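Report on the structure given below.
The values are calculated or read from the model by the stated rules, or taken from the named source; none is laboratory data. Quick caveat: nothing in here was measured; it's all calculated off a predicted structure. FYI the Cβ positions are ideal-geometry reconstructions off the backbone, even for glycines, and counts take in every protein chain you see.
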Amino acid sequence: MKKLVLVFSVMTLVVSAVFANGGASGSAEKPYIAVVSKGEQHDFWQQVRRGAMDAAADFNVDVTFEGPPTESDVQIQVEMINNAISKAPAALALAALDTTSVIDQLSDLRDKGIPVIGFDSGVPNAPEGSILANASTNNYAAAGLAAEKMFEIIKPEIEAATDSSPVKIVVLNQDASGESLLSRGTGFRDTMIKLIDEQSKLSRSDISVIGNPAYVADDSPKTGGKVFIEMIVPASAANTDAAASASAMLNKVEDDSILGVFCSNESTAKGILAATNDGADLANKYNIVVIGFDAGAGQKNAVRKELFAGSITQDPYSIGYKAVELANKSIKGEMVEDVDTGAKYYTSANMDDPDIAPLLYD
């Protein structure tokens, strides 16, 4: 009987040690980190997964990576988070589809002392203290890079603008609610204003920001008559509405003297391609500079054929890698802070370079 009690006691200690150091999927040597993304099928998320798994090997931790079939499957993601919590992870990395749907889970994790790291768009407006740090693209800065590249090309036309012969720059945004897209739209807007003011013959007083109110700040210039920066948002996030907005904008290229268009994500890039016969009309009908954001087969093809001047790509591999790295540090009790995982500008000239090609997902 004493032997049975001793064996049972040892087994209890072993099981307790396992859960204390990473739950059902971890061990005393390898803590368990659950990674729950917005999706899993899209190549973007596969690149995030690849980074997470490489980090798992580098930092000697166990990692599971999962996401719902589509980015509209909020309840499926919630169930994935609940399942992850049931395994008592040492940490959780999360890219939430809907913050309000995971408030209870975040509270539960905080009460249990399980650190949570946000990645990609993270968990916008999460309860204070529930997210220790985020591994994500600085979307504001990334879109600012797009503005810099466009300004280099259209600067002469901007400087030639007058009150009687104004020019326009257009920003196509999929919606006016997502934090990442809002940051991209405002990042491009603010950087373009700054460049015109500081690096051209014109000034802020020559600029007017018009269009969707969500993208027109209180301090945006609104009285200038030489350069108009128009912020456009389609009726919905559907591809057909993105194409319709792009088509309506293109119908005014000549009358409004539109110099350039920034498409702030893959959806709006697809929209302008759909409105231009897969970009063919950009080569022979419209004399405008188009810069996109993200990748995708159609957008990459447009860049390769120089129908787009270029596009901005995030670094999904680094997003996954840094998310696990931050989670591992938090398990050890180390201080963590937000990490910008970076972005790069790709063109037909550099898109096959070894430091960029792996980032151009389909």
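Numbers below:
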item	result
Residue 290, sole failed condition from (1) surrounded by 21 or more Cβ atoms within 10 Å (Cβ to Cβ); (2) of a type in the set (Val, Ile, Thr); (3) assigned to a helix (DSSP H, G or I)	(3)
Cβ-Cβ under 6 Å pairs, at least 6 apart or on other chains, the stretch 347-362 side farther than 21 Å from residue 320 by Cα and acidic (Asp, Glu), far side at pLDDT 95 or above and crowded, with 16+ Cβ neighbours inside 10 Å	none
Test: residue in the stretch 242-249 that is surrounded by fewer than 18 Cβ atoms within 10 Å (Cβ to Cβ), among the hydroxyl-bearing types (Ser, Thr, Tyr) and part of a loop (DSSP other than H, G, I, E, B)	no
Residue identified as surrounded by fewer than 20 Cβ atoms within 10 Å (Cβ to Cβ) and either aromatic (Phe, Trp, Tyr) or in the same structural domain as residue 144 (by TED's automatic domain parsing) (or both) among 265, 284	284
So residue 273, is it in the same structural domain as residue 167 (by TED's automatic domain parsing), buried (at least 19 other Cβ atoms within 10 Å of the Cβ) and outside any helix (DSSP H, G or I)	no
Any hit, the stretch 220-227, residues being within 22 Å of residue 290 (Cα to Cα), crowded, with 18+ Cβ neighbours inside 10 Å and not basic (Lys, Arg)	yes
Candidate set: the stretch 189-212, residues that are assigned to a helix (DSSP H, G or I) and among the aliphatic types (A, V, I, L, M); chosen: the one nearest to residue 262 (Cα to Cα)	192
Some residue of the stretch 297-304 being under 19 Å from residue 148 (Cβ atoms) and either in contact (Cβ under 8 Å) with a residue 12 or more places away in the chain or assigned to a loop (DSSP other than H, G, I, E, B) (or both)	yes
Pair list, Cβ under 8 Å, 6 or more apart: the stretch 216-227 residue touching a residue at least 40 places away in the same chain (Cβ under 8 Å), other residue surrounded by 14 or more Cβ atoms within 10 Å (Cβ to Cβ) and in a loop (DSSP other than H, G, I, E, B)	225/166; 226/161; 226/166; 226/202; 227/161; 227/166; 227/202
Residue among 169, 85, 81, 103 that alone is touching an Asp or Glu at 6+ places or on another chain (Cβ under 9 Å), touching a residue at least 24 places away in the same chain (Cβ under 8 Å) and farther than 30 Å from residue 242 by Cα	85
Residue identified as touching a Leu at 6+ places or on another chain (Cβ under 6 Å), over 21 Å from residue 42 (Cα atoms), not in a loop (DSSP other than H, G, I, E, B) and not assigned by TED's automatic domain parsing to the domain that holds residue 196 among 117, 103	117
